[in-house]
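The values are calculated or read from the model by the stated rules, or taken from the named source; none is laboratory data. Note that the coordinates shown come from a computational prediction; the quantities given were computed from them, not determined experimentally. A quick note on method: Cβ atoms are made from the backbone with ideal geometry, for glycine too, and the neighbour counts reach across all protein chains shown. Heads up: the accessible areas ignore ligands, DNA and RNA and are worked out on the full protein's heavy atoms, side chains in. Shrake-Rupley method; radii C 1.70, N 1.55, O 1.52, S 1.80 Å.
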Amino acid sequence: MAELRGGRMLLAAALFGLLGYAALSALMYLRQRDLVYYPQFTRVAAETTDFELRSGEVVLRGWRVNPGRSDALLYFGGNAERVEAWRGPFAQWFGDRTVYLVGYRGYGASEGQPGEQAILADALTLYDEVRRRHPDGDIAVVGRSLGSGVAAYLASQRPVERLALVTPFDGLAEVGQAHYPWLPVRLLASERYPSADYLRGYRGRLLLLRAGRDEVVPARNTDRLLAALPVPPQVVEFPQHGHNDLSEDPRYGEALAGFMR
């Protein structure tokens, strides 16, 4: 009888653990956008912006820097980044380009709610509008962290001769799996941003800036992206910096400005 009771207890414990694991997996699936997007840290009043664009049912808003230039640059920021903070530095670094700093859906003064498919569609809409405004100019793209996935997608769908990726990854689902190895993140993820897949055919000029102490994107995820590229990029290492502070190094602006000339 004791052995029977012990077996039942072990079975109950295993079942309880399985149910708990399933419940946690379900919670992660349902709340994953809350773990990917942080628009609440970026909200500003619409009247502070000077550029707007309708994409589907929403209006996207942001800022233009150095208006009137023939060439242009599109910037896609991180998942909690206030892109307007770059107006001053970008005006200096990219003086020969008009720079477009537009908030994702739900970010800054843009309407809507963020989600991968909507953000990628918005990126195409932004590019097409900028192409209309700069019919004879070059359009360069910079993407940082989450924005590197958006920029990679855009470069797979539209002509981009110069592409700069800051702290990029092979895929967002793969980064999530690295942080939560005990959960089936690759199976659960709906926000995937598979940059390595997007860039397998990219043959334009590519700059990659990586942090040696990146606590968000593991080194192996950036390595896998590098391995997938058909043409070796220019790589600038910041060995003493982390994911969020590499832009404090003077070489950060120098690398981006030099690459865009």
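A few points about this structure:
- Label-to-label distance for Ala45 and Arg158 is 3.1 nm, based on points extended 7 Å past Cα in the beta-carbon direction.
- Cα-based shape type of segment 120-201, given that a ≥ b ≥ c are square roots of the gyration tensor eigenvalues and the cut on a/c is 1.5: prolate
- The charge dipole of the chain, taken about its Cα centre with unit charges on the Cβ atoms of Lys, Arg (+1), Asp and Glu (-1) only, comes to about 360 debye.
- Model label points for Trp182 and Asp223, set 7 angstrom from Cα along the Cα-to-Cβ axis, are 2.5 nm apart.
- Signed unit charges on C-beta, dipole axis of segment 163-261, positive-most listed residue Ala189, Ala227, Val216: Ala227
- Using the alpha carbons alone, the radius of gyration of segment 136-261 stands to its Kirkwood radius in an Rg to Rh ratio of 0.97.
- Lys, Arg +1 and Asp, Glu -1 on Cβ, resulting dipole of segment 142-261 about Cα centre, debye, nearest 20: 440
- Within segment 168-235, the GluC sites (Glu not before Pro) that combine a DSSP coil assignment with at most 13 other C-beta atoms in a 10 angstrom radius are Glu215.
- Legend: translational diffusion of the chain by Stokes-Einstein, Rh = Kirkwood radius over C-alpha pairs, 37 °C, 0.692 mPa s; D = 168 µm²/s.
- Computed [θ] at 222 nm, deg cm²/dmol, the chain (DSSP H ≥ 4; -39,500 (n - 2.57); rounded to nearest 500): -12500 deg cm²/dmol
- Counting charges near Thr49 (Lys, Arg +1; Asp, Glu -1) among other residues having Cβ under 9 Å from its Cβ returns a value of -3.
- Over all projection directions, the Cα-based convex hull of segment 139-182 averages an area of 3.0 nm².
- Segment 58-167 pair-distance distribution - Cα-Cα, 10 Å bins, rounded %: 15, 53, 31, 1
- In units of the compact-protein estimate 2.2 N^0.38 Å, segment 32-108 shows a Cα radius of gyration of 1.12.
- Paramagnetic label zone (point 7 Å from Cα along Cα-to-C-beta, Glu111; backbone N under 12 Å) in segment 48-66: 53-61
- Separation of segment 72-97 from segment 168-235 is 22 Å, based on Cα centroids.
- Projecting the Cα atoms of Gly56, Asn66, Gly171 onto the charge dipole of the chain (Cβ charges, centred on the Cα centre) puts Gly171 farthest toward the positive pole.
- Assigned charges on the beta-carbon of Lys, Arg, Asp, Glu; segment 80-176 dipole about Cα centre (debye): 220
- Take the chain with all the other protein chains still there, run a 1.4 Å probe, and you get 48 Å² of accessible area per residue.
- For segment 209-261: rounded, prolate or oblate by the Cα gyration tensor [a/c cutoff 1.5]: oblate
- At least 30 Å along the helix axis (C-alpha) and Kyte average at least -0.5, DSSP helices within the chain: 2-30
- Each Lys or Arg adds one and each Asp or Glu takes one away; over the other residues whose Cβ falls under 9 Å from the Cβ of Ala228, this sums to 0.
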